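Asks: This is the structure I have questions about; it appears just below.
The values are calculated or read from the model by the stated rules, or taken from the named source; none is laboratory data. Here the structure is a predicted model, which means the values were calculated and not measured. Virtual Cβ from ideal backbone geometry, glycine too; neighbours counted across all protein chains shown.
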Amino acid sequence: MMESGFPDFEMDGWAGKFTAGKTPREIIARLQNEINKALAQPQMVAAYANVGLTVRFMNAAVWADSGTIGSRALRSRSSTPAR
């Protein structure tokens, strides 16, 4: 986009992991912890940085309040995110 005259153009995206609605909160907490630890590994940070991406981990509660398209869709289905 820089070449097209938009030097400050930024793109935002997200990817998430979902579980069944009745997944115990302890399991969700462990999954969140393990995913966060994996994403914080220096080789993971470097791999994403090498393709121009920055990873920002959001737990279920933060993501649900983030206003992303996915979080709005989840709320519209009357699902309750783990908090």
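Asks: Step by step: first the residues of segment 24-83, then only those that are of a type in the set (F, W, Y) and at pLDDT 80 or above, then the one that is nearest to the chain's Cα centre (by Cα). Which residue is that?
Replies: F57
Asks: Continuing with the same structure: Please specify each residue of segment 21-65 satisfying the condition of being within 20 Å of E10 (Cα to Cα) and in a loop (DSSP other than H, G, I, E, B).
Replies: The answer is V51, G52, L53, T54, V55, R56, F57, M58.
Asks: Could you check how many residues of segment 1-30 are within 17 Å of R56 (Cβ to Cβ) and either in contact with a Cys (Cβ under 8 Å, 6 or more places away or on another chain) or touching a residue at least 12 places away in the same chain (Cβ under 8 Å) (or both)?
Replies: Counting residues in segment 1-30 that are within 17 Å of R56 (Cβ to Cβ) and either in contact with a Cys (Cβ under 8 Å, 6 or more places away or on another chain) or touching a residue at least 12 places away in the same chain (Cβ under 8 Å) (or both) gives 3.
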